[in-house]
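Here's the structure we're looking at; comments come further down.
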Amino acid sequence: MEKIIIHKEQVKILTDSCEKAYPYEVCGAVLGHDDMILNVRILGNSEEESSSRVYFSISPMDIYKIEKEAEREGTELIGFFHSHPECEAVPSAEDIKHMIPGMISIIVGISKTGRYPERPLFSEEIRGYVRESIQSGIKELIIMGD
């Protein structure tokens, strides 16, 4: 996998959820087929509030529910996303350790800088990664809009 395609509506869901959760991490599931992201679902961060600024975790029950939802929709769980408040959209050592081979990992770096006039309160950077096997490193994916 070299690239992923994401619909504009799903990008908006990603950025809006990151802004709403700021300064805490937000996480969720990525549904679609192969390299096409069709839906993004926000899931609860099951980390304690004190550590949810730098960590995220998703409960196994939430993963089970989202897999069933994807099945009903005719899509698949193809990956996960999370935010990095006030950090770049690059995986931390902890992120890499928990990446599931073959699953897309979307990271949204969010900063409250006001860099862009059309988004005066926040700026975001969205990047995608995949780990192809346990033994392999990670590979950055090209993100394309539809």
note = Rounded to the nearest 0.05, FRET efficiency between M103 and E9 (Cβ-Cβ, R0 22 Å) equals 0.50
The chain, relative contact order in percent, only Cα pairs under 8 angstrom and at least six apart counted = 25 percent
task = Could you check the simple spin-label distance between D146 and M1, using points 7 Å along Cα→Cβ, in nm with one decimal?
result = 1.7 nm
query = Where both residues lie in the chain, what percent of DSSP beta bridges are antiparallel, nearest 5?
reply = 65 percent
inquiry  = Under 5 Å between amide hydrogens, which residues at least 5 positions from I138 or on another chain qualify, with H placed 1.01 Å from N in the peptide plane?
reply    = none
ask   = If the viscosity is 0.692 mPa s and the temperature 37 °C, what translational diffusion coefficient in µm²/s does Stokes-Einstein give for the chain when Rh comes from Kirkwood over Cα pairs?
value = 214 µm²/s
query = L38's amide H: which non-local residues (gap 5+, or another chain) put their own amide H closer than 5 Å, with H modeled 1.01 Å from N in plane and none for Pro or chain starts?
reply = L31, G32, H33
ask   = Cβ under 14 Å from K65's Cβ, K65 left aside: what net charge do those residues give with Lys, Arg +1 and Asp, Glu -1?
value = -2
query = Stretched out fully, how many nm does the piece from S59 to K20 gain, at 0.36 nm a residue minus the Cα gap?
reply = 12.0 nm
Residues whose placed amide H lies under 5 Å from that of S83, excluding near-sequence neighbours = V26, V108
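Quick note: the coordinates plus some simple rules give every number you see, no bench work behind them. In this text, all values refer to a predicted model and were calculated from it rather than measured experimentally. Here the Cβ is made from the backbone with ideal geometry for all residues, glycine too, and neighbour counts use every protein chain on show.
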